[in-house]
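Asks: Have a look at this one before I ask anything.
The values are calculated or read from the model by the stated rules, or taken from the named source; none is laboratory data. Note that this is a predicted model, so its numbers are computed, not measured. Ideal geometry is used to build each Cβ from the backbone, glycine not excepted, and the neighbour counts take in all protein chains shown.
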Amino acid sequence: MSKQTLDRIGTAMLALALSLIVWVNATYQMDKPREDIYPTEIPIEVLDRPDDLAVLNGTSETVQVRIRAYASSWDTLRADDFVATVDFGDLTTGVHVVPISVVVSDPTVTITGIHPQAINVRVERLVTSLRPVAISLQGEADIPMGYRASPPLADPSEVTISGPASELDKVVSVAGEVNVAGQRADIDQVVALKPVDLDGQVVESAHVSPSTVRVQVGIEKREDYREVAVRVRTAGQPARGYYVSSVSVLPATVTLVGPPAAIESVGSLIEAREELDVSGANRMLAARMDLNLPEGVSVMGAPAGEPYEVLVTVGIDAVTGGTTVELPLHAEGLAEGLELSTFVPVIDVILTGPSVLLDELETDRLSAVLDLSGLGPGTHQVHPSVTINTEGAPDLEDLQVKDVLPQYVEVTISAPPTPTPER
């Protein structure tokens with residue numbers, strides 16, 4: 001090869017080297033590496049966690065990573081490109097310092113530091129034990145008057161708790177709650193359990209199995225209590241050209257207290273000792289009247305053995321027309337699967353309107369209904385509603401239902417007993 005050819009090759013090689021240097025320098029200037037802390041902390045994964053040991057007091061669940069990477073890599077890096085791990089495979093009971101290992105999937109990224117570099121853990125023996133279930137009743141003060149809740153029954157009555165020995169020593173009960181406020185019927189529901197310490201705080205490291213139990217709470221109607229409606233009857237006729245437009249009683253219901261047999265004899269209504277005489281009246285009447293209480297029965301909140309007065313107000317209006325009709329009472333809207341046990345069969349309905357319409361009114365155009373929609377098992381006080389069928393007789397629209405007596409009717413709704421589940 002001639003000297004001239006060698007000189008040309010050497011010149012070309014030198015030019016190539018200079019070009020490469022210029023390209024590398026330009027690339028470096030455009031994509032400089034930068035060292036900094038990665039903005040997202042990386043979650044620590046545990047490897048080989050021992051089944052028969054409990055690892056406590058891990059001081060950190062994430063790790064902060066310092067890296068050196070090109071600007072282009074910083075723009076594309078994601079948190080899941082990093083994997084941080086601790087290996088618990090060789091741990092025994094006691095206190096340990098376990099190093100944290102971090103790797104990154106991008107080969108152009110260098111990890112220059114991590115914080116923390118290790119976690120401190122305490123390893124204890126994992127134990128299990130049986131504990132009784134403790135169910136507390138909430139809202140007992142708000143159970144309707146005359147009802148009470150029986151002690152709750154949990155199935156199963158014992159559950160297994162597991163966890164570190166020192167943590168299980170803190171558990172004083174496996175607790176659940178049932179709210180009985182406003183309940184008139186038995187409760188049957190699934191309740192979540194939680195292990196709690198002496199202060200009622202949840203012991204997080206204790207595991208409960210099963211985590212729920214079935215709880216039944218009987219809601220009993222107290223035999224020595226009963227809520228009843230108050231009814232006051234009127235006697236006589238108001239002055240000519242006037243009628244009884246309304247009868248209101250305050251209170252409309254009372255709770256009776258006394259021997260069960262005496263309470264049972266009252267039924268669902270308690271009446272005033274006497275009728276209120278409206279003879280010759282041409283304006284509203286108001287009077288205090290004693291209730292006709294059986295021997296040994298008193299009203300809740302009133303002195304035992306003392307008469308109990310209710311305030312009776314009788315509206316007297318000028319007659320366009322008014323009359324009182326006794327109607328049979330029908331129940332509607334009872335939920336499927338429920339049964340209606342008892343209710344008052346008839347009510348008194350006060351009607352007003354033109355006298356000629358009242359004189360010719362056929363009672364089969366009137367209907368009295370108890371709407372039981374939305375009511376569940378238990379005993380309820382329901383206001384009856386009365387409608388007038390005006391089909392074919394539009395003039396009857398001038399009649400009005402002024403009042404109904406009693407204003408509230410006691411109904412008892414029951415459900416079939418819940419089958420006992422097979423074990």
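Asks: Which pairs do you get when a residue that is touching a residue at least 12 places away in the same chain (Cβ under 8 Å) and farther than 13 Å from Glu309 by Cα, found in region 271-290, comes within reach of a residue that is of a type in the set (Ser, Thr, Tyr) and part of a strand (DSSP E or B), reach meaning Cβ atoms under 7 angstrom, with the pair 6+ apart or on two chains?
Replies: Within 7 Å, the pairs are Glu275/Thr234; Leu276/Thr234; Val278/Thr234; Ala281/Tyr242; Asn282/Tyr242; Met284/Thr313.
Asks: Please go through region 126-169 and give me each residue that is in contact (Cβ under 8 Å) with a residue 24 or more places away in the chain, closer than 23 Å to Leu56 by Cβ and among the acidic types (Asp, Glu), ordered by number.
Replies: Correct list: Glu167 only.
Asks: Sticking with this one: Exactly one of (1) in contact (Cβ under 8 Å) with a residue 24 or more places away in the chain; (2) under 18 Å from Asp51 (Cβ atoms); (3) among the hydrophobic types (A, V, I, L, M, F, W, C); (4) outside any loop (DSSP other than H, G, I, E, B) is unmet by Ala84. Its number?
Replies: Every listed condition holds for Ala84 apart from (2).
Asks: Specify the residue that is farthest from Leu269 (Cα to Cα); the eligible residues are those in region 341-356 that are surrounded by fewer than 19 Cβ atoms within 10 Å (Cβ to Cβ) and of a type outside the set (Ser, Thr, Tyr).
Replies: Ranking the candidates gives Val356 first.
Asks: Here's something else I'd like to know. Can you confirm whether Ile44 is in contact with a strand residue (DSSP E or B) (Cβ under 6 Å, 6 or more places away or on another chain) and more than 30 Å from Ser162 (Cα to Cα)? Working first, answer last.
Replies: Values: in contact with a strand residue (DSSP E or B) (Cβ under 6 Å, 6 or more places away or on another chain): yes; more than 30 Å from Ser162 (Cα to Cα): no.
Judged against the criteria, Ile44 is not a match.
Asks: Something else now. Can you name every residue in region 310-337 that is crowded, with 16+ Cβ neighbours inside 10 Å, over 20 Å from Arg240 (Cα atoms) and in contact with a helix residue (DSSP H, G or I) (Cβ under 9 Å, 6 or more places away or on another chain)?
Replies: Leu327
Asks: A further question on this structure: Out of Ala185, Ala165, I need the residue that is hydrophobic (A, V, I, L, M, F, W, C) and in contact with a Pro (Cβ under 8 Å, 6 or more places away or on another chain). Which one?
Replies: The match here is Ala185.
Asks: On to the next question. Would you mention how many residues in region 392-407 are modelled with pLDDT of 90 or more, part of a loop (DSSP other than H, G, I, E, B) and farther than 21 Å from Thr253 by Cβ?
Replies: 1
Asks: Here are the criteria: (1) farther than 19 Å from Ala54 by Cβ; (2) surrounded by fewer than 16 Cβ atoms within 10 Å (Cβ to Cβ). Tell me which single one Asp169 does not satisfy.
Replies: Of (1) farther than 19 Å from Ala54 by Cβ; (2) surrounded by fewer than 16 Cβ atoms within 10 Å (Cβ to Cβ), only one is false for Asp169: (1).
Asks: Give region 261-285 a look and list any residue that's assigned to a loop (DSSP other than H, G, I, E, B) and buried (at least 17 other Cβ atoms within 10 Å of the Cβ), or say none.
Replies: First pass over region 261-285, keeping only residues assigned to a loop (DSSP other than H, G, I, E, B): 267-268, 273-275, 278-284.
Across region 261-285, the qualifying residues are Ser268, Val278, Ala281.
Asks: Report yes if some residue within region 282-296 is over 29 Å from Thr412 (Cβ atoms), in the same structural domain as Thr234 (by TED's automatic domain parsing), among the charged types (D, E, K, R) and modelled with pLDDT of 90 or more; otherwise report no.
Replies: Yes, region 282-296 contains a residue that is over 29 Å from Thr412 (Cβ atoms), in the same structural domain as Thr234 (by TED's automatic domain parsing), among the charged types (D, E, K, R) and modelled with pLDDT of 90 or more.
Asks: Take Ala192 and decide whether it is surrounded by 13 or more Cβ atoms within 10 Å (Cβ to Cβ), of a type in the set (Gly, Ala, Ser) and touching a strand residue (DSSP E or B) at 6+ places or on another chain (Cβ under 7 Å).
Replies: For Ala192, the condition - surrounded by 13 or more Cβ atoms within 10 Å (Cβ to Cβ), of a type in the set (Gly, Ala, Ser) and touching a strand residue (DSSP E or B) at 6+ places or on another chain (Cβ under 7 Å) - is not met.
Asks: Output the residue which, of all residues in region 31-46 that are without any contact (Cβ under 8 Å) to a residue 40 or more places away in the chain and either assigned to a strand (DSSP E or B) or touching an Asp or Glu at 6+ places or on another chain (Cβ under 6 Å) (or both), is surrounded by the fewest Cβ atoms within 10 Å (Cβ to Cβ).
Replies: Initial filter on region 31-46 (without any contact (Cβ under 8 Å) to a residue 40 or more places away in the chain): 32-33, 36-37, 39-41.
Add one more test, that the residue is either assigned to a strand (DSSP E or B) or touching an Asp or Glu at 6+ places or on another chain (Cβ under 6 Å) (or both), and what stays is 33, 36-37.
Working: Pro33: 16, Asp36: 11, Ile37: 13.
Top of the filtered list is Asp36.
Asks: Could you tell me whether Ala181 is of a type in the set (Gly, Ala, Ser), surrounded by fewer than 17 Cβ atoms within 10 Å (Cβ to Cβ) and touching a Ser or Thr at 6+ places or on another chain (Cβ under 6 Å)?
Replies: Taking the combined requirement at face value, the residue does not satisfy it.
Asks: Could you tell me which residue of region 304-363 is nearest to Val409 (Cα to Cα), considering only residues that are at pLDDT 85 or above and in a helix (DSSP H, G or I)?
Replies: Applying the filter and picking the extreme gives Thr363.
Asks: Does region 192-207 include one or more residues that are closer than 22 Å to Pro416 by Cβ and either basic (Lys, Arg) or not in a loop (DSSP other than H, G, I, E, B) (or both)?
Replies: no
Asks: When you scan region 298-309, do you find a residue that is closer than 20 Å to Leu405 by Cβ, among the aromatic types (Phe, Trp, Tyr) and without any contact (Cβ under 8 Å) to a residue 60 or more places away in the chain, even just one?
Replies: Yes, the conditions are met somewhere in region 298-309.
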